[in-house]
Amino acid sequence: MHCRVCKSRAAVEVRRHNAAFCRDHFIDHVTRQVERTIHEFDMFTHDDRLVIGVSGGKDSLALWDILHRLGYRCEGVYLDLGIDVYSTESLDHIERFVKERDLILRVVDLGEEYGFTIPKAAETTRRSPCSACGLSKRYILNEQALKGGYDALVMGHNLDDEGATLFSNVLNWNVEYLARQKVVLPSSDGLVKKVKPLVRVAERETAAYAVLSGIEYEVEECPMVAGNTVNRMKEWMSLLEHRSPGVTQRFLGGFQKVNSFDEEERPTLLSCESCGRPTTGTTCAFCRLRARSSQS
Ligand code: Q46
Ligand code: ZN
Ligand code: ZN
């Protein structure tokens, strides 16, 4: 296998593009995919102040590295979920990354600032750890972006994450979630604009990018992952992708063009009586989770 660009020995094959690349041209290729996505969806400009939610995993660190190299003004926020060694090791990787590049990071400790951790939430509520975790991340990252006055919140969801989420939402005809599954979610009623520049890059490509760029990331899987429904859908999607390279991108790309669920399905929003953020009920899901999880 030879690099499509320089014909030297290839380091990575990208089957869905029917191509292979050497190290340098693979890094260029991934960077161009991200740049193209930013421009095509009009995500942000070099004048905007961005904040990225970083987990210490390959996706968010690879994306932060790309944005930094492209000259975007992007700071980071890490939410410490209180998941033992997994959380502390993840933070170690991020701190090293940030120091090497002289970037700005804010660490939010869920236990200290909100009075509960994800293991505690899972224990005291009947929610699965991942559902409590996803809800907390969405709420707190948005809150941090609002407080910091950033123009956009950047998320490291990759092609496989988004494809699997779409697969799950379609299989369950979850119309409300489908309406909000967008590459760019504009700002509205207390919600900061949210963007996903990595949607054209597959998971194995972000891993390859990180390794080839010398980024050390958390390789261990979160110990609370059992029961994560998106991961189960990812397994199914990867079987389809293996038999039919490119199917995930076609599935997701087509949806991005035809998604018109929002006009019909947007629910009426009220203000949460506890935190004031938009919600469909009287108290938002995060405040309810926090109240139940903080009980000892
Ligand atoms: S961190 Fe949180 Fe993941 Fe762990 S508890 Fe589940 S959602 S698996 S990305
Ligand atoms: Zn090359
Ligand atoms: Zn609330």
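The values are calculated or read from the model by the stated rules, or taken from the named source; none is laboratory data. In this text, all values refer to a predicted model and were calculated from it rather than measured experimentally. Virtual Cβ from ideal backbone geometry, glycine too; neighbours counted across all protein chains shown.
Structure summary
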{"item": "First in the range 280-296 and over 9 Å from Gly115 (Cα atoms), second anywhere and acidic (Asp, Glu) and surrounded by fewer than 18 Cβ atoms within 10 Å (Cβ to Cβ), Cβ under 6 Å, 6 or more apart", "result": "Thr282/Glu273; Thr283/Glu273"}
{"item": "Wholly within the range 75-127, helices (runs of 4 or more DSSP H) carrying at least 2 residues that are modelled with pLDDT under 95 and surrounded by 15 or more Cβ atoms within 10 Å (Cβ to Cβ)", "result": "118-124"}
{"item": "Tally of residues being within 13 Å of ligand 2 (Cβ to nearest atom), in a loop (DSSP other than H, G, I, E, B) and either surrounded by 15 or more Cβ atoms within 10 Å (Cβ to Cβ) or within 21 Å of the chain's Cα centre (by Cα) (or both) across the range 6-57", "result": "3"}
{"item": "Among the residues listed as Met233, Met224, the single one being buried (at least 18 other Cβ atoms within 10 Å of the Cβ), touching a residue at least 60 places away in the same chain (Cβ under 8 Å), assigned to a helix (DSSP H, G or I) and in contact with a helix residue (DSSP H, G or I) (Cβ under 7 Å, 6 or more places away or on another chain)", "result": "Met233"}
{"item": "From the options Val98, Val12, Val54, Val85, residue that is within 16 Å of ligand 1 (Cβ to nearest atom) and in contact with a strand residue (DSSP E or B) (Cβ under 7 Å, 6 or more places away or on another chain)", "result": "Val54"}
{"item": "So Ala145, is it over 20 Å from Cys275 (Cβ atoms) and either surrounded by 16 or more Cβ atoms within 10 Å (Cβ to Cβ) or more than 16 Å from ligand 3 (Cβ to nearest atom) (or both)", "result": "no"}
{"item": "Any hit, the range 166-181, residues being assigned to a helix (DSSP H, G or I), under 15 Å from the mean Cα position of the chain (by Cα) and farther than 30 Å from Val247 by Cα", "result": "no"}
